[in-house]
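Quick one: the structure is below, and I'll ask about it shortly.
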Amino acid sequence: MTILHVPDMSCGHCKAAIEKAVGGVDSAARLSFDMGARTVAVESAAPLDAILAALKSQGYAATTA
């Protein structure tokens, strides 16, 4: 599991956009959100670089927490 810090994540729309972006890379990925901490726990077989690129393409700069 990888914990990502997504500083621009603030609402349900953000959550949906992140789910869609990661799902486009790995449809079997499991995500767990902590909106208060602005973090996303990601369980995925996809390379981290691909996940980060997908998030960036949706306007979410994410870093490992």
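No lab work stands behind these numbers, since they all come straight from the coordinates. Model, not experiment: these values are computed from the prediction.
Principal axis lengths of the chain from Cα atoms, whole Å, largest first?
Extents along the principal axes, in whole Å: 26, 20, 17.
If you don't mind, there's one more thing I want to ask. Would you calculate, for the chain, the mean residue ellipticity at 222 nm contributed by helices, counting each DSSP H stretch of 4 or more residues as -39,500 (n - 2.57) and dividing by all residues, to the nearest 500?
Helices in the chain give a 222 nm mean residue ellipticity of -11500 deg cm²/dmol.
Let me ask another. Quick one: angle between helix 12-25 and the longest Cα principal axis of the chain, in degrees between 0 and 90, rounded to 10, please.
Taking Cα atoms only, the helix is inclined about 10 degrees.
Which whole-number percent gives the relative contact order of the chain, counting Cα pairs below 8 Å spaced six or more residues apart?
48 percent
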